[in-house]
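Novice: This structure is in structure tokens; I'll ask about it shortly.
Derivation of every value follows stated rules applied to the coordinates shown; laboratory data play no part. The structure presented is a predicted model; accordingly, all values stated were derived computationally and were not measured. Here Cβ is always computed from backbone atoms with ideal geometry, including for glycine, and neighbour counts include all displayed protein chains.
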Amino acid sequence: MQCRSAWTVLSVLLALPAVAHHSGAAFDQNLRVTVSGTVAELEWTSPHARLHVTAKDDDGATVTWDFELPSPVTLTRRGWSRTALAVGAPVTVTGARARDFPHIAIATGVTDASGRRLFSGAGPAAAE
């Protein structure tokens, strides 16, 4: 009986990271954004990389957008690296904005200044 209890506890502990990982519910697919600006930072962190882009808002004020990207492993498989985007490089990012935060979004596409598509998201948000 103790062995069975130990396996149950171990199973629950191993499942916790999967439960803790969020869904895309924080982002609203109806709040589509296209942001053109310059790379402020590319964070190569797990579970999601992040791309910070400095741009002008509708009022002309400078804002920094925080875009969620897939994991570094996924980005690497798609041809990215830590140095894929240099700080100051012009980019256009498309995505779905967070429901409650005006300058946070999940990226569905990243295009560099030459028009080369560097990243295309997965799932329904990527259909652009």
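Novice: So what J values fall out for the range 85-97 if you push phi through Karplus, 6.51 cos²θ - 1.76 cosθ + 1.60 with θ = phi - 60°, rounded to Hz, Gly and Pro as x?
Specialist: 10, 7, 4, x, 6, x, 9, 10, 10, 10, x, 10, 6
Novice: Here's a follow-up. Compute the FRET efficiency between A89 and A61 as 1/(1 + (r/R0)^6), taking r as their Cβ-Cβ distance and R0 = 30 Å, and round to the nearest 0.05. Write down the numbers at each step before the final one.
Specialist: Numbers: r = 22 Å, r/R0 = 0.72.
Using R0 = 30 Å, I get an efficiency of 0.90.
Novice: Could you tally the net charge around T38, taking each other residue with its Cβ under 15 Å from the Cβ of T38, Lys/Arg +1 and Asp/Glu -1?
Specialist: After counting each charged neighbour, the total is -3.
Novice: Starting at the first residue of the range 46-61, write each ³J(HN,Hα) from the Karplus equation 6.51 cos²θ - 1.76 cosθ + 1.60 with θ = phi - 60°, in whole Hz, x for Gly and Pro.
Specialist: These are the phi-based 3J(HN,Hα) values: 9, x, 9, 6, 9, 10, 9, 10, 8, 8, 8, 8, 4, 8, x, 7 Hz.
Novice: Can you give me the long-range amide H partners of F119? Hydrogens built in the peptide plane at 1.01 Å from N, cutoff under 5 Å, separation of 5 or more residues or another chain.
Specialist: Residues meeting the amide H criterion: V110.
Novice: Quote to one decimal, in nm, the extra length available between R78 and E43 on full extension: 0.36 nm per residue of separation minus the C-alpha distance between them. Write down the numbers at each step before the final one.
Specialist: Details: separation 35, 0.36 × 35 = 12.60 nm, distance 1.65 nm.
Residue separation times 0.36 nm, minus the Cα-Cα distance, leaves 10.9 nm.
Novice: Apply the a/c threshold of 1.5 to the C-alpha gyration tensor of the range 27-109 and tell me whether it is rounded, prolate or oblate.
Specialist: Oblate, because a/c is 1.5 or more while a/b does not exceed b/c.
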